[in-house]
Each structure stands twice: as structure tokens, then as C-alpha cells.
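The block underneath contains the structure these notes are about, expressed in C-alpha cells.
What follows is calculated from the coordinates using simple rules that are stated; it is not laboratory data. The model shown is predicted, which means the values in this text are computed figures rather than measured ones.
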Amino acid sequence: MGERQPRVTANEIIKVLKSLGFEKIDQTGSHQKWKHPLTGKQTIIPYHSEKIIRPKTFKKILEGASLTINDFIRIRMKRK
């Protein structure tokens, strides 16, 4: 059985990325580019603050950051 994806907003994803050391390096329109200074991993987030990110988009964001859904959930839960 696959991992269940949480329903999250761009703001929630950004909080997790910041806690991992990612930094916003660029923005074009509503798309923000986030990069980790040590690992070089980067990901693009469509920023619409309170809109729920689509599942495929969420998966691509996590792939760019080299995170699994379970990693994301674990980190998000620590922050609460």
C-alpha cells in the first residue's frame, strides 16, 4: 500500500524546508525556487499561500528536496 499524502499548503511546505536549512533563492511570478546550500538540492514551490498543493505537485516538490512523504510528515509533526 502506498504512502498517504497529507493535504498541505505552500506555507506548510516552506516551514519544513526552512527547518531543514533550505533558502529561497529566486522567485518568478508565483513560483519560488528553494535550495539547500550544503547539498545543492533544489525544488520549486508554486506559492499560493492558503491553497492546497496538488498531490502530483507535492510529490515533485519532495523529490526535488530528496524527501519522502514519511520524512515530511515526521518533520512537520516535530514542529508542532
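Using only Cα positions of the chain, each an equal point scatterer, no hydration layer, compute I(q)/I(0) via Debye at q = 0.20, 0.25, 0.27 Å⁻¹ and quote the log10 values to two decimals.
-0.86, -1.37, -1.58
How high is the relative contact order of the chain, in percent, counting Cα pairs under 8 Å that sit 6 or more residues apart?
On the way: 95 pairs, mean separation 24.3, N = 80.
In percent, rounded to a whole number, it is 30.
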